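Heads up, the thing below is written out as structure tokens.
The values are calculated or read from the model by the stated rules, or taken from the named source; none is laboratory data. Predicted model only: the values in this text are computed from it and were never measured. Glycine gets a Cβ as well: all are built from the backbone with ideal geometry, and neighbour counts include every protein chain shown.
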Amino acid sequence: MIDRIAEILKQVNDVVFEKENNAESFRLLYLSKKGIITQLFDKFKTIPNDQKKLVGAQLNVLKQRAEEIHQQQKELEDNSIQANLKREDSSLPVYQEGPGSYHPLRIVEDRLLEIFFSLGFDLAEGPEIEDDKHNFASLNFAEDHPARDMQDTFFIAEHVLRTHTSSVQIREMEKGKLPLRLVMPGRVYRNEAVSARSNCFFHQIEGLYIDKGVSFADLKQTLYYFVQQFFGEGTKVRFRSSYFPFTEPSAEMDIWAGLETEENRRLTKGTGWLEVLGCGMVHPNVLDACHIDSSEYTGFAFGMGIDRITMLKYGINDIRDLFVNDKRLLSQFSGV
Ligand code: PHE
């Protein structure tokens, strides 16, 4: 019996595990109910008592060793199963994150700001949820003035989602520090049906310059400079008179896109001119509402839609394309 035990011990020690799932066949062969070692224990019961001490000790050594080897092999196999699972998880497609890119609106906004910063304008921002005072009243929209209907408004209880960034003009003028030379970018909201051409939210950049002796000539020169920088040297510009409650006189500025291509004829509705922004001299009532002495100070303001300019720059025909967050689309745009 001692010899048999020694023989099995050697066998157990010499086992070479070649493939996975060997721990289980090892257990079946040696340690299961009908395994070799279990059988040796059965046989152990039948041997003479005086041999029991020695044989029992050997048998225990064998069993312990076999259990040890089984445990080690089992751990090895478990680890490699885990590793395989990690390596080839077939339940999900691999999602490979490439480097990100700037959103086209961000690219255009950055460029617009850069141009105005180079003229000495500073950055200011205001809240998207506004009160009537900043979005309308202080901007010279009278209580029942039909001009309030020019911009379909989203209401939140007593507040509004700002319909334009002109509200930030008021917030900055109220601070009481002059002169002011600011560009104010941000998101604005209008209660309009969503289509290829209009969205219920979009983005504007507001400009404001208030000082002693600011004239309409300053406004035109500033905008000429902006157009040459952004749309290219020699871009033709025209001003059409217009109406906004908060500027007087008011104008809209167009740039010449031409009538050469089908696309240009469509975009300009056959005129060749593209509307780019609204502007004007800050209305004295607005200065008064912000406690600025309108006999001493004058100023100009302008506001343009970033989305519209972005669509023009990149030839995007549907404003909704800007907000689907499709990375394949977004990654196509580079600096302007
Ligand atoms: N707030 C106007 C709009 O949203 C644009 C504008 C800004 C006009 C500043 C004049 C001066 O249409």
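Figures for the structure shown
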read-out	value
Qualifying residue in region 222-229 (condition: at pLDDT 90 or above and within 13 Å of the ligand (Cβ to nearest atom))	yes
Residue within region 277-297 that is buried (at least 19 other Cβ atoms within 10 Å of the Cβ), among the hydroxyl-bearing types (Ser, Thr, Tyr), within 16 Å of the ligand (Cβ to nearest atom) and modelled with pLDDT of 95 or more present	no
Candidates Pro127, Pro179 - the one that is more than 30 Å from Val336 (Cα to Cα) and more than 14 Å from the ligand (Cβ to nearest atom)	Pro179
Candidate set from region 212-221 (those that are surrounded by fewer than 18 Cβ atoms within 10 Å (Cβ to Cβ) and in contact (Cβ under 8 Å) with a residue 40 or more places away in the chain); member that is nearest to the ligand (Cβ to nearest atom)	Phe216
Selection count where residues are of a type in the set (Gly, Ala, Ser) and within 16 Å of the ligand (Cβ to nearest atom), scope region 245-276	2
Residue pairs meeting the criteria (Cβ under 9 Å; at least 6 apart or on separate chains; first among the aromatic types (Phe, Trp, Tyr), in region 280-301; second surrounded by fewer than 16 Cβ atoms within 10 Å (Cβ to Cβ))	Tyr297/Leu178; Tyr297/Pro179; Tyr297/Asp211; Tyr297/Lys212; Tyr297/Gly213; Phe300/Ser215; Phe300/Phe216
Residue check, Phe333 out of contact with any Lys or Arg (no Cβ under 7 Å at 6 or more places or on another chain) and modelled with pLDDT of 90 or more	no
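Condition check ((1) in contact (Cβ under 8 Å) with a residue 24 or more places away in the chain; (2) surrounded by 11 or more Cβ atoms within 10 Å (Cβ to Cβ); (3) part of a loop (DSSP other than H, G, I, E, B)) across all residues:
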site	(1), (2), (3)
Arg65	yes, yes, no
Gln71	no, yes, no
Glu77	yes, yes, no
Gln82	no, no, no
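Residues checked against (1) loosely packed, with under 15 Cβ neighbours inside 10 Å; (2) outside the structural domain of Glu206 (by TED's automatic domain parsing); (3) hydrophobic (A, V, I, L, M, F, W, C):
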position	(1), (2), (3)
Asn135	no, no, no
Leu139	no, no, yes
Glu143	yes, no, no
Asp152	yes, no, no
Phe155	yes, no, yes
Val160	no, no, yes
Thr165	no, no, no
Ile170	no, no, yes
Lys177	yes, no, no
